[in-house]
Amino acid sequence: MDKLFNSDFFSQNRNNLRQLFKGKAPIVITAHGLLQRGGETTFSFHQDANFWYLTGIDEPDALLVMDKNKEYLILPERSDVQQIFDGAMDTEVLKKLSGIDTIISHKEGWKQLGSRLKKIKHLATLPIPPAYSSTFGFYANPSRHNLFSRVKEINPDIAAIDLRQALTRLRVVKQPPELEAIQRAIDITIDTLNSINRPRKFSSYENELEIEADISRRYRLGGAEDHGFTPIIAGGSRSCVVHNLSNNHQLKAGELVLIDTGAQLSHYSADITRTYSYRKLPTSRQRAVYAAVREVQEYALGLLKPGTVIKDYEAAIEQYMGEKLRELGLIKIISSDAVRRYYPHAASHFLGLEVHDIGDYNAPLAADMVLTVEPGIYIPAESIGVRIEDDVLITKDGNKVLSARLSRELR
């Protein structure tokens, strides 16, 4: 069992969801399913964050049912081949992790759930995402689609009640063990970045891939489970691609290297970005761009406190960034289109179980929410990309930079 999280944490999360929902419809939440990598192999399994938040279980295709005062887990159907290669599920371990005493086989579980589904008009669950996101260019995990397809086979007239708002309200405010997990992930990330950015060490790297490999090694040695997301190691012109993930180019003396990375511990992720100079002292132009980004970040940190609405905060940062871009000679007139040419992303996102965690960007911030602050300036014509990102806890009086131990000096 995880030292930070025990069954009390997950049981309380389920109770909190019941109190927020208040409806009579059964709540059914599915785990993620495994995804094929190629042939007979799968990608590493990553659990649905909501399912883990309510159960603490990392098994694919399990199903959580909360119906009135009853709760139970339905195990996935597993072939003999799966049993041999992946091993059998230990129901006693699952009970101890989740605090759920009733764990039922796939066949018996669906028989019990199915008899209930035939008698009701509504089911509380999470909505089915589009099969393909054209905005981000990826396919969704099919588990929710599969769940609702089976529900509809049993009762074609059943309607879904969306639980997203309730789960967002719960997950966006972090509890003490969550904050500890985030801080530990941040500390591992800081120690790793400090170790690779020692002057002689950083100059010894020849390729972006060497940096990524060293980060991966140090994360594991530091106690992290993995990366919280695919790291970005981008030198020179590649640093102008916000989500450059190739990480396989030769490094050139005199260019800036942008490193966006975060360790994952107990399912919670850090997300930190630093921009370093490689083998030569930064030029006056590189220093000016870096200084502008740092000033924007300081301005953003000054705005973050309980009551701040992210939508308004982002608008203020865009205007301030426009002033800095004008000082750099990149734009003449401050407009959204002009600013977004060099600053194409938001300054902040929520952080937690997912690196871009759920949260309400139209609601006021409150204590114990965690966000990133990550302004950046990207100038492809000059092969200069700079981003500085820190992880920030909203406190009752303002905010605390959880990653403050990591230097923000350009050297």
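Only the coordinates and a few stated rules stand behind these numbers; no lab work does. Just so you know, these numbers come straight off a predicted model, no measurement behind them. Every residue, glycine among them, receives a Cβ derived from its backbone with ideal geometry; neighbour counts consider all protein chains shown.
With the Cα gyration tensor of the range 173-401 giving a ≥ b ≥ c as the square roots of its eigenvalues, does the rule (a/c under 1.5 for rounded; else a/b larger than b/c for prolate; else oblate) give rounded, prolate or oblate?
oblate
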**OP:** Would you mind working out the magnitude of the charge dipole of the chain relative to its Cα centre, with +1 at each Lys and Arg C-beta and -1 at each Asp and Glu C-beta, to the nearest 20 Debye?
**Re:** 600
Subject >> Ranked list, fewest to most other Cβ atoms within 10 Å of each Cβ, for LYS305, LYS396 >> reply: LYS396, LYS305
**OP:** Post the alpha-carbon centroid distance, the range 201-232 to the range 1-68, in whole angstrom.
**Re:** 30
**OP:** Compute the relative contact order of the range 70-150 as a whole-number percentage, counting only Cα pairs closer than 8 Å that sit 6 or more residues apart in sequence.
**Re:** 27
Original post:
Relative to the first principal axis of the alpha-carbon coordinates of the chain, what is the inclination of helix 310-327, with its axis defined by its Cα atoms, in degrees from 0 to 90 and to the nearest 10?
Top reply: 20
**OP:** With an 8 Å cut-off on Cα pairs and a minimum separation of 6 or more residues, tell me the relative contact order of the chain in percent.
**Re:** 14
Original post:
Is the range 156-264 rounded, prolate or oblate when judged by the Cα gyration tensor, a ≥ b ≥ c being the square roots of its eigenvalues, rounded requiring a/c under 1.5 and prolate requiring a/b larger than b/c?
Top reply: prolate
Original post:
What shape does the range 7-170 have by the C-alpha gyration tensor, where a ≥ b ≥ c are the square roots of the eigenvalues, rounded means a/c under 1.5, and otherwise prolate means a/b greater than b/c and oblate the rest?
Top reply: rounded
Original post:
Could you name the aspartates and glutamates in cross-link range of LYS68, using Cα to Cα under 18 Å and dropping any fewer than eight places away on the same chain?
Top reply: ASP101, ASP162
Original post:
Can you pick out the pairs among LYS95/LYS311; LYS70/LYS305; LYS22/LYS96 whose Cα atoms lie more than 31 Å from each other?
Top reply: LYS95/LYS311; LYS70/LYS305
Original post:
When Rg/Rh (Cα atoms, Kirkwood Rh) is calculated directly from the model, which label among [x] 1.25; [y] 1.01; [z] 1.09 fits?
Top reply: [y]
Subject >> For the range 173-401: relative contact order, % (alpha-carbon pairs under 8 angstrom, 6 or more apart) >> reply: 23
Original post:
Per residue of the chain, what 222 nm ellipticity follows from adding -39500 (n - 2.57) for every DSSP H run with n ≥ 4, rounded to the nearest 500?
Top reply: -12000 deg cm²/dmol
Original post:
Which of the aspartates and glutamates could a cross-linker span from LYS121 if the Cα-Cα distance has to be under 12 Å and same-chain partners fewer than 8 positions apart are dropped?
Top reply: ASP157
Original post:
So, counting K/R as plus one and D/E as minus one, what does the shell of residues with Cβ under 15 Å around MET66 add up to?
Top reply: +4
